[in-house]
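One structure is given here, and the rest of the page talks about it.
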Amino acid sequence: FECLMVFPKSGGPVGFALFFHVYSTFEGLCLYLEDLYIVPASRGCGCGTLLLRALGCLAQRRDCARMMWQALDWNEKATAFYKSAEVGASERTGDDGTKWLSFIMRRPEIAGLAASAKR
C-alpha cells in the first residue's frame, strides 16, 4: 500500500489517502483507494479534493485504467463530494447499463466455499 498525506503549513497531518494497485484482466493496472480521511475540523477546506487530485495525477503517471473506491450509502456528504463537479466521479455502470456490485467473503464464507470444493 501507499499513503498520501496532507499537512498544513504548521502542525501535524490533517488527512490521508490510503491506496494500492490492483490488476484488471480486462483493463490492466488500476488504483484502489482504500480510505480517504480528513479530520473533522479540516473538512470542507479542500483537503479531500487535493488528495483525490494527487491520486488522479499519480494514476495517470502510472497509466492506471481505473481508480476505484467505495462509500457507504449512508455517508451522504462523502457521496455528494465524490459526485461533485470538483471530483467528477460516478457510480460504476457498464456501457450497457450494467450496475457493478461490490462483493465480499469473510472467513466463514471462504471456509464454506473451500469445504464445498472438497465434496
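The values are calculated or read from the model by the stated rules, or taken from the named source; none is laboratory data. All of these numbers come straight from a predicted model, not from anything done at the bench. Positions of Cβ are generated from backbone atoms using ideal geometry, with glycine treated the same way; all protein chains shown enter the neighbour counts. Each accessible area value is taken on the protein alone, full model and side chains, heavy atoms only, with ligands, DNA and RNA left out. Shrake-Rupley method; radii C 1.70, N 1.55, O 1.52, S 1.80 Å.
The stretch between ASN75 and GLU2, if pulled fully straight at 0.36 nm per residue, gains 23.8 nm over its current Cα-Cα span.
Quick one: pull the percentage of alpha-carbon pairs in the chain with a separation above 18 Å. All intermediate terms of the calculation are to be shown ahead of the outcome.
Details: 4318 of 7021 pairs.
Counting pairs separated by more than 18 Å, the tail of P(r) holds 62 percent.
Among all the aspartates and glutamates, which ones have a C-alpha under 19 Å from LYS99's C-alpha, if same-chain residues fewer than 8 places away are not counted? Filter leaves GLU27, ASP73, GLU91.
What a 1.4 Å probe finds exposed on the stretch 40-101 is 52% carbon and sulfur by accessible area, rounded to a whole percent.
For the chain, the solvent-accessible area with a 1.4 angstrom probe is 76 square angstrom per residue. Ranking ALA80, ALA111, GLY28 by how far each Cα lies toward the positive end of the dipole of the chain (charges on Cβ) leaves ALA111 at the top. If R0 equals 30 Å, the separation of the Cβ atoms of LYS99 and VAL39 corresponds to a calculated FRET efficiency of about 0.35. If one computes the Cα centroid of the stretch 17-36 and of the stretch 45-71, what distance in Å separates the two points? Cα centroid of the stretch 17-36 versus Cα centroid of the stretch 45-71: 10 Å apart.
Here is what passes the span test in the chain: the DSSP H helices with alpha carbon length of 20 Å or more along the helix axis and a Kyte-Doolittle mean of 0.0 or above are 47-61. With contacts taken as Cα pairs under 8 Å and at least 6 residues apart, the chain reaches a relative contact order of 17 percent. DSSP bridge analysis restricted to the stretch 1-117 gives an antiparallel fraction near 85%, rounded to the nearest 5.
Okay, which of the stretch 8-27 sit inside 16 Å, backbone N to the point 7 Å along the Cα-Cβ direction of LEU50? Taking a point 7 Å out along Cα→Cβ of LEU50, the residues of the stretch 8-27 whose backbone N falls under 16 Å are 8-18.
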